[in-house]
Amino acid sequence: DWTMAEFKKTKIAEIREQVGDGKVICGLSGGVDSAVAAVLIHEAIGDQLTCVFVDHGLMRMGEADQVVSLFRGSYNIPLVHVEAETLFLGGLKGETDPEKKRKFIGKTFIDVFEEEAKKIGGAAFLAQGTLYPDVIESVSFTGGPSVTIKSHHNVGGLPERMNMELVEPLRELFKDEVRDLGRELGLPDVFVGRHPFPGPGLAIRIPGEVTRERCEILRKADAIYLEEIRNAGLYDAIWQAFAVLLPVKTVGVMGDGRTYDSVCGLRAVTSTDGMTADVYPFDAAFLTRVATRIVNEVKGINRVVYDYTSKPPGTIEWE
Ligand code: XMP
(Lines give C-alpha, C1' and ligand atoms only; values in the text may rest on other atoms or scores of the structure.)
Protein backbone atom coordinates (compact mmCIF):
# COMPACT_ATOMS: atom_id res chain seq x y z
CA ASP A 1 0.00 0.00 0.00
CA TRP A 2 1.68 3.17 -1.24
CA THR A 3 0.19 5.52 1.35
CA MET A 4 1.23 3.38 4.28
CA ALA A 5 4.72 2.90 2.85
CA GLU A 6 5.06 6.70 2.77
CA PHE A 7 3.57 7.06 6.23
CA LYS A 8 6.02 4.51 7.55
CA LYS A 9 9.02 6.31 6.05
CA THR A 10 7.90 9.65 7.41
CA LYS A 11 7.27 8.26 10.88
CA ILE A 12 10.62 6.48 11.00
CA ALA A 13 12.36 9.76 10.19
CA GLU A 14 10.32 11.56 12.84
CA ILE A 15 11.08 8.95 15.49
CA ARG A 16 14.82 9.17 14.77
CA GLU A 17 14.65 12.94 14.93
CA GLN A 18 12.74 12.94 18.24
CA VAL A 19 14.75 10.24 19.97
CA GLY A 20 18.30 10.85 18.74
CA ASP A 21 20.50 8.33 20.49
CA GLY A 22 18.19 8.11 23.54
CA LYS A 23 16.68 4.95 24.98
CA VAL A 24 12.99 4.14 24.53
CA ILE A 25 10.77 1.83 26.56
CA CYS A 26 7.54 0.48 25.12
CA GLY A 27 4.85 -1.31 27.09
CA LEU A 28 3.30 -4.17 25.16
CA SER A 29 -0.30 -4.99 26.00
CA GLY A 30 -0.60 -8.04 23.79
CA GLY A 31 -2.76 -6.08 21.40
CA VAL A 32 -2.21 -4.84 17.88
CA ASP A 33 -1.60 -1.16 18.62
CA SER A 34 1.32 -1.45 21.00
CA ALA A 35 2.83 -4.19 18.84
CA VAL A 36 2.69 -2.07 15.69
CA ALA A 37 4.13 0.92 17.55
CA ALA A 38 6.97 -1.23 18.90
CA VAL A 39 7.88 -2.80 15.56
CA LEU A 40 7.81 0.59 13.85
CA ILE A 41 10.03 2.13 16.52
CA HIS A 42 12.36 -0.85 16.40
CA GLU A 43 12.71 -0.36 12.68
CA ALA A 44 13.61 3.28 13.32
CA ILE A 45 16.07 2.94 16.19
CA GLY A 46 16.85 -0.77 16.62
CA ASP A 47 17.97 -1.87 20.03
CA GLN A 48 17.67 1.58 21.56
CA LEU A 49 14.16 0.18 22.15
CA THR A 50 13.29 -2.22 24.95
CA CYS A 51 9.78 -3.63 25.25
CA VAL A 52 8.19 -4.48 28.56
CA PHE A 53 5.29 -6.92 28.63
CA VAL A 54 3.53 -6.81 31.98
CA ASP A 55 1.70 -10.13 31.92
CA HIS A 56 -1.20 -9.80 34.37
CA GLY A 57 -2.37 -13.34 33.73
CA LEU A 58 -5.67 -12.01 32.40
CA MET A 59 -5.04 -12.70 28.73
CA ARG A 60 -6.88 -15.12 26.49
CA MET A 61 -5.74 -18.65 25.91
CA GLY A 62 -2.27 -18.72 24.38
CA GLU A 63 -2.03 -14.98 23.72
CA ALA A 64 0.77 -14.15 26.14
CA ASP A 65 2.97 -16.83 24.58
CA GLN A 66 2.20 -15.55 21.10
CA VAL A 67 3.36 -12.06 22.01
CA VAL A 68 6.58 -13.29 23.57
CA SER A 69 7.47 -15.58 20.68
CA LEU A 70 6.59 -12.95 18.09
CA PHE A 71 8.84 -10.33 19.65
CA ARG A 72 11.72 -12.44 20.82
CA GLY A 73 11.53 -15.00 18.05
CA SER A 74 10.47 -13.36 14.81
CA TYR A 75 11.64 -9.81 15.43
CA ASN A 76 14.46 -10.28 17.88
CA ILE A 77 13.28 -7.20 19.79
CA PRO A 78 14.61 -6.97 23.36
CA LEU A 79 11.64 -7.91 25.55
CA VAL A 80 11.22 -8.06 29.29
CA HIS A 81 8.39 -10.48 30.14
CA VAL A 82 7.13 -9.80 33.65
CA GLU A 83 4.99 -12.65 34.91
CA ALA A 84 2.74 -10.98 37.44
CA GLU A 85 -0.40 -13.15 37.55
CA THR A 86 -0.07 -13.84 41.27
CA LEU A 87 0.28 -10.15 42.06
CA PHE A 88 -2.78 -9.20 40.02
CA LEU A 89 -5.03 -12.04 41.13
CA GLY A 90 -3.97 -11.48 44.73
CA GLY A 91 -5.01 -7.85 44.58
CA LEU A 92 -8.30 -8.66 42.87
CA LYS A 93 -9.27 -11.14 45.55
CA GLY A 94 -12.66 -10.31 47.01
CA GLU A 95 -13.13 -7.27 44.75
CA THR A 96 -16.43 -7.11 42.85
CA ASP A 97 -16.78 -3.42 42.02
CA PRO A 98 -16.05 -2.85 38.30
CA GLU A 99 -14.37 0.53 38.74
CA LYS A 100 -12.25 -0.69 41.64
CA LYS A 101 -11.17 -3.69 39.60
CA ARG A 102 -10.19 -1.41 36.73
CA LYS A 103 -8.40 1.04 38.99
CA PHE A 104 -6.47 -1.66 40.81
CA ILE A 105 -5.33 -3.24 37.55
CA GLY A 106 -4.38 0.12 36.04
CA LYS A 107 -2.42 1.19 39.10
CA THR A 108 -0.67 -2.13 39.56
CA PHE A 109 0.21 -2.21 35.89
CA ILE A 110 1.87 1.17 36.21
CA ASP A 111 3.72 0.19 39.40
CA VAL A 112 5.13 -2.95 37.80
CA PHE A 113 5.97 -1.16 34.60
CA GLU A 114 7.74 1.62 36.47
CA GLU A 115 9.81 -0.83 38.46
CA GLU A 116 10.93 -2.60 35.29
CA ALA A 117 11.65 0.68 33.55
CA LYS A 118 13.90 1.67 36.46
CA LYS A 119 15.76 -1.61 36.17
CA ILE A 120 16.38 -0.99 32.48
CA GLY A 121 17.58 2.44 33.48
CA GLY A 122 18.24 5.65 31.61
CA ALA A 123 15.30 5.64 29.21
CA ALA A 124 14.22 9.16 28.39
CA PHE A 125 11.31 8.10 26.20
CA LEU A 126 8.13 6.11 26.69
CA ALA A 127 6.45 4.72 23.58
CA GLN A 128 2.71 4.12 23.38
CA GLY A 129 0.35 2.81 20.74
CA THR A 130 -2.14 5.62 21.26
CA LEU A 131 -4.60 5.90 18.37
CA TYR A 132 -6.68 8.81 17.22
CA PRO A 133 -9.90 7.56 18.90
CA ASP A 134 -7.92 7.22 22.18
CA VAL A 135 -6.84 10.83 21.83
CA ILE A 136 -10.48 11.87 21.61
CA GLU A 137 -11.90 9.56 24.29
CA SER A 138 -9.18 10.41 26.79
CA VAL A 139 -10.42 13.99 26.96
CA SER A 140 -12.39 12.70 29.94
CA PHE A 141 -9.19 11.99 31.93
CA THR A 142 -8.03 15.52 31.70
CA GLY A 143 -11.04 17.41 32.92
CA GLY A 144 -13.23 17.29 29.83
CA PRO A 145 -16.71 15.80 30.07
CA SER A 146 -17.46 15.15 33.71
CA VAL A 147 -18.91 11.69 33.26
CA THR A 148 -16.36 8.94 33.09
CA ILE A 149 -18.12 5.84 31.82
CA LYS A 150 -15.17 3.58 32.56
CA SER A 151 -11.63 4.30 33.69
CA HIS A 152 -9.56 3.25 30.74
CA HIS A 153 -6.44 1.40 31.41
CA ASN A 154 -3.26 2.95 30.02
CA VAL A 155 -0.04 4.30 31.39
CA GLY A 156 -1.43 7.83 31.83
CA GLY A 157 0.44 9.77 34.48
CA LEU A 158 3.52 7.61 34.15
CA PRO A 159 5.49 9.83 31.78
CA GLU A 160 5.27 12.77 34.20
CA ARG A 161 6.07 10.61 37.22
CA MET A 162 9.12 9.17 35.53
CA ASN A 163 10.00 12.35 33.74
CA MET A 164 9.81 10.69 30.33
CA GLU A 165 8.85 12.09 26.98
CA LEU A 166 6.13 10.29 24.99
CA VAL A 167 6.68 8.73 21.60
CA GLU A 168 3.28 8.10 20.01
CA PRO A 169 3.70 7.38 16.30
CA LEU A 170 0.11 6.15 15.78
CA ARG A 171 -1.70 9.22 17.12
CA GLU A 172 -3.19 10.16 13.76
CA LEU A 173 -4.40 6.69 12.85
CA PHE A 174 -7.64 4.77 13.09
CA LYS A 175 -7.66 1.06 13.80
CA ASP A 176 -7.92 -0.10 10.19
CA GLU A 177 -4.96 2.12 9.28
CA VAL A 178 -2.90 0.64 12.13
CA ARG A 179 -3.62 -2.78 10.68
CA ASP A 180 -2.42 -1.61 7.24
CA LEU A 181 0.73 -0.25 8.83
CA GLY A 182 1.25 -3.51 10.70
CA ARG A 183 1.05 -5.44 7.44
CA GLU A 184 3.45 -2.96 5.86
CA LEU A 185 5.85 -3.78 8.70
CA GLY A 186 5.50 -7.48 8.00
CA LEU A 187 3.48 -8.48 11.07
CA PRO A 188 1.58 -11.73 10.45
CA ASP A 189 -2.01 -11.34 9.23
CA VAL A 190 -3.53 -13.30 12.10
CA PHE A 191 -1.82 -10.98 14.55
CA VAL A 192 -2.63 -7.75 12.74
CA GLY A 193 -6.24 -8.80 12.26
CA ARG A 194 -6.76 -9.56 15.94
CA HIS A 195 -9.82 -8.13 17.58
CA PRO A 196 -9.15 -5.35 20.11
CA PHE A 197 -8.61 -6.57 23.66
CA PRO A 198 -9.05 -4.33 26.69
CA GLY A 199 -6.11 -3.52 28.95
CA PRO A 200 -7.74 -5.00 32.09
CA GLY A 201 -8.27 -8.20 30.14
CA LEU A 202 -10.49 -10.99 31.33
CA ALA A 203 -11.03 -9.27 34.68
CA ILE A 204 -13.72 -7.08 33.12
CA ARG A 205 -15.29 -10.11 31.41
CA ILE A 206 -15.82 -11.82 34.76
CA PRO A 207 -18.38 -9.68 36.58
CA GLY A 208 -17.95 -10.24 40.32
CA GLU A 209 -14.84 -11.73 41.86
CA VAL A 210 -12.00 -12.77 39.58
CA THR A 211 -10.27 -16.00 40.51
CA ARG A 212 -7.73 -18.14 38.70
CA GLU A 213 -10.36 -20.86 38.34
CA ARG A 214 -12.91 -18.49 36.79
CA CYS A 215 -10.27 -17.16 34.40
CA GLU A 216 -9.56 -20.72 33.29
CA ILE A 217 -13.26 -21.49 32.74
CA LEU A 218 -13.68 -18.30 30.72
CA ARG A 219 -10.56 -18.97 28.64
CA LYS A 220 -11.93 -22.34 27.57
CA ALA A 221 -15.37 -21.00 26.62
CA ASP A 222 -13.87 -18.02 24.82
CA ALA A 223 -11.49 -20.23 22.83
CA ILE A 224 -14.37 -22.45 21.65
CA TYR A 225 -16.43 -19.41 20.64
CA LEU A 226 -13.56 -17.88 18.67
CA GLU A 227 -12.62 -21.16 17.07
CA GLU A 228 -16.19 -21.53 15.78
CA ILE A 229 -16.15 -17.93 14.53
CA ARG A 230 -12.91 -18.54 12.63
CA ASN A 231 -14.18 -21.83 11.23
CA ALA A 232 -17.31 -20.11 9.98
CA GLY A 233 -15.13 -17.49 8.24
CA LEU A 234 -16.69 -14.69 10.27
CA TYR A 235 -13.72 -13.41 12.29
CA ASP A 236 -12.82 -10.49 10.04
CA ALA A 237 -16.44 -9.37 9.67
CA ILE A 238 -16.64 -8.84 13.42
CA TRP A 239 -15.06 -5.98 15.37
CA GLN A 240 -14.93 -7.87 18.63
CA ALA A 241 -16.26 -11.18 19.87
CA PHE A 242 -15.75 -12.64 23.30
CA ALA A 243 -17.29 -14.66 26.08
CA VAL A 244 -18.11 -13.38 29.56
CA LEU A 245 -18.55 -15.48 32.66
CA LEU A 246 -21.46 -14.39 34.81
CA PRO A 247 -21.61 -14.59 38.60
CA VAL A 248 -24.96 -16.34 38.33
CA LYS A 249 -25.59 -20.04 38.70
CA THR A 250 -28.57 -21.77 37.16
CA VAL A 251 -29.97 -25.26 37.25
CA GLY A 252 -29.49 -27.59 34.30
CA VAL A 253 -29.63 -31.24 33.44
CA MET A 254 -26.77 -33.35 32.11
CA GLY A 255 -27.32 -37.05 31.43
CA ASP A 256 -29.62 -38.07 34.24
CA GLY A 257 -28.19 -35.64 36.76
CA ARG A 258 -28.91 -32.13 37.90
CA THR A 259 -26.26 -29.44 37.36
CA TYR A 260 -25.88 -26.10 39.09
CA ASP A 261 -23.27 -24.04 37.27
CA SER A 262 -22.38 -20.62 35.86
CA VAL A 263 -23.92 -18.80 32.92
CA CYS A 264 -21.71 -17.81 29.99
CA GLY A 265 -22.61 -14.75 27.91
CA LEU A 266 -21.50 -14.33 24.31
CA ARG A 267 -20.90 -10.94 22.75
CA ALA A 268 -20.11 -10.02 19.14
CA VAL A 269 -20.32 -6.56 17.60
CA THR A 270 -19.49 -4.68 14.45
CA SER A 271 -17.99 -1.22 14.74
CA THR A 272 -15.50 1.09 13.08
CA ASP A 273 -13.89 2.68 16.13
CA GLY A 274 -15.49 1.10 19.20
CA MET A 275 -17.42 4.26 20.04
CA THR A 276 -20.68 2.85 18.71
CA ALA A 277 -21.42 -0.75 17.91
CA ASP A 278 -24.08 -3.03 16.46
CA VAL A 279 -24.81 -6.58 17.45
CA TYR A 280 -23.50 -9.17 15.03
CA PRO A 281 -26.50 -11.13 13.71
CA PHE A 282 -25.32 -14.75 13.89
CA ASP A 283 -27.73 -17.30 12.57
CA ALA A 284 -29.44 -19.56 15.06
CA ALA A 285 -27.60 -22.70 13.94
CA PHE A 286 -24.26 -21.06 14.66
CA LEU A 287 -25.24 -19.93 18.16
CA THR A 288 -26.74 -23.32 18.91
CA ARG A 289 -23.52 -25.03 17.90
CA VAL A 290 -21.39 -22.76 20.08
CA ALA A 291 -23.73 -23.09 23.07
CA THR A 292 -23.78 -26.88 22.78
CA ARG A 293 -20.01 -27.12 22.56
CA ILE A 294 -19.41 -24.80 25.50
CA VAL A 295 -21.85 -26.60 27.79
CA ASN A 296 -20.49 -30.01 26.77
CA GLU A 297 -16.81 -29.14 26.87
CA VAL A 298 -16.40 -26.58 29.64
CA LYS A 299 -16.82 -27.79 33.18
CA GLY A 300 -18.43 -25.06 35.28
CA ILE A 301 -20.78 -23.69 32.59
CA ASN A 302 -24.24 -25.15 31.99
CA ARG A 303 -26.03 -22.32 30.18
CA VAL A 304 -25.13 -19.89 27.37
CA VAL A 305 -26.87 -16.64 26.47
CA TYR A 306 -26.31 -14.16 23.60
CA ASP A 307 -26.06 -10.42 24.29
CA TYR A 308 -28.36 -8.50 21.94
CA THR A 309 -27.51 -4.98 23.11
CA SER A 310 -26.04 -2.35 20.79
CA LYS A 311 -23.77 0.52 21.92
CA PRO A 312 -25.24 2.83 22.99
CA PRO A 313 -27.04 2.08 25.27
CA GLY A 314 -24.83 -0.89 26.13
CA THR A 315 -21.06 -0.71 26.19
CA ILE A 316 -19.06 -3.34 24.33
CA GLU A 317 -17.47 -4.78 27.46
CA TRP A 318 -19.67 -5.79 30.37
CA GLU A 319 -17.71 -3.76 32.94
P1 XMP B 1 -16.62 -0.11 25.87
O2 XMP B 1 -16.81 -1.29 26.73
O3 XMP B 1 -16.32 1.15 26.64
O4 XMP B 1 -15.32 -0.40 25.02
O5 XMP B 1 -17.74 0.08 24.89
C6 XMP B 1 -14.95 0.31 23.86
C7 XMP B 1 -13.70 -0.34 23.32
O8 XMP B 1 -12.61 -0.11 24.23
C9 XMP B 1 -12.10 -1.33 24.69
N10 XMP B 1 -11.76 -1.12 26.10
C11 XMP B 1 -10.53 -0.88 26.54
N12 XMP B 1 -9.37 -0.80 25.89
N13 XMP B 1 -8.29 -0.36 27.93
C14 XMP B 1 -8.25 -0.57 26.60
O15 XMP B 1 -7.16 -0.51 26.04
C16 XMP B 1 -9.43 -0.42 28.64
O17 XMP B 1 -9.44 -0.22 29.85
C18 XMP B 1 -10.61 -0.70 27.90
N19 XMP B 1 -11.89 -0.83 28.28
C20 XMP B 1 -12.60 -1.10 27.15
C21 XMP B 1 -13.19 -2.35 24.48
O22 XMP B 1 -12.67 -3.66 24.39
C23 XMP B 1 -13.79 -1.85 23.19
O24 XMP B 1 -13.00 -2.22 22.07
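The values are calculated or read from the model by the stated rules, or taken from the named source; none is laboratory data. Worth saying up front: this structure is predicted, and the values here are computed from it rather than measured. Cβ atoms come from the backbone with ideal geometry, glycine included; neighbour counts cover every protein chain shown.
For the reader, a short list of remarks on this structure follows.
- Filter result for Leu218 (closer than 12 Å to Leu58 by Cα, in contact with a strand residue (DSSP E or B) (Cβ under 9 Å, 6 or more places away or on another chain) and buried (at least 21 other Cβ atoms within 10 Å of the Cβ)): yes
- Residue in the stretch 210-219 that is within 16 Å of the ligand (Cβ to nearest atom) and touching a residue at least 60 places away in the same chain (Cβ under 8 Å) present: yes
- Qualifying positions in the stretch 279-315 - surrounded by 12 or more Cβ atoms within 10 Å (Cβ to Cβ) and within 16 Å of the ligand (Cβ to nearest atom): Val279, Tyr280, Asp307, Thr309, Ser310, Lys311, Gly314, Thr315
- Number of positions in the stretch 268-318 that are in a loop (DSSP other than H, G, I, E, B) and either at pLDDT 95 or above or hydroxyl-bearing (Ser, Thr, Tyr) (or both): 21
- Residue match in the stretch 17-38 (condition: in a strand (DSSP E or B), closer than 19 Å to Gly106 by Cβ and of a type in the set (Gly, Ala, Ser)): yes
- Residue in the stretch 239-258 that is assigned to a loop (DSSP other than H, G, I, E, B) and over 23 Å from Glu63 (Cβ atoms) present: yes
- Checking each residue in the stretch 166-176 for being surrounded by fewer than 19 Cβ atoms within 10 Å (Cβ to Cβ), under 16 Å from Glu14 (Cβ atoms) and in contact (Cβ under 8 Å) with a residue 60 or more places away in the chain picks out only Glu168.
Yes or no, residue by residue, for (1) in a strand (DSSP E or B); (2) away from the ligand (no atom under 14 Å from the Cβ); (3) assigned by TED's automatic domain parsing to the domain that holds Met164:
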residue	(1), (2), (3)
Val80	yes, yes, yes
Gly90	no, yes, yes
Gly106	no, no, yes
Leu126	yes, yes, yes
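- Within the stretch 226-240, residues that are in contact (Cβ under 8 Å) with a residue 60 or more places away in the chain have Cβ atoms under 6 Å from residues that are in a helix (DSSP H, G or I) in these pairs: Glu228/Val290, counting only partners at least 6 apart in sequence or on another chain.
- The condition of being assigned to a loop (DSSP other than H, G, I, E, B), more than 16 Å from the ligand (Cβ to nearest atom), more than 13 Å from the chain's Cα centre (by Cα) and touching a residue at least 12 places away in the same chain (Cβ under 8 Å) holds for only one of Gly57, Gly94, that being Gly94.
- If the condition is being touching a residue at least 60 places away in the same chain (Cβ under 8 Å) and closer than 12 Å to Ala243 by Cβ, then the stretch 277-299 contributes Val290, Arg293, Ile294, Val298.
- Every pair of residues 6+ apart whose Cβ atoms lie under 7 Å, when the first sits in the stretch 185-204 and is of a type in the set (Val, Ile, Thr) while the second is not in a loop (DSSP other than H, G, I, E, B): Val192/Val32; Val192/Arg179; Val192/Gly182; Val192/Arg183; Ile204/Pro98; Ile204/Lys101; Ile204/Arg102
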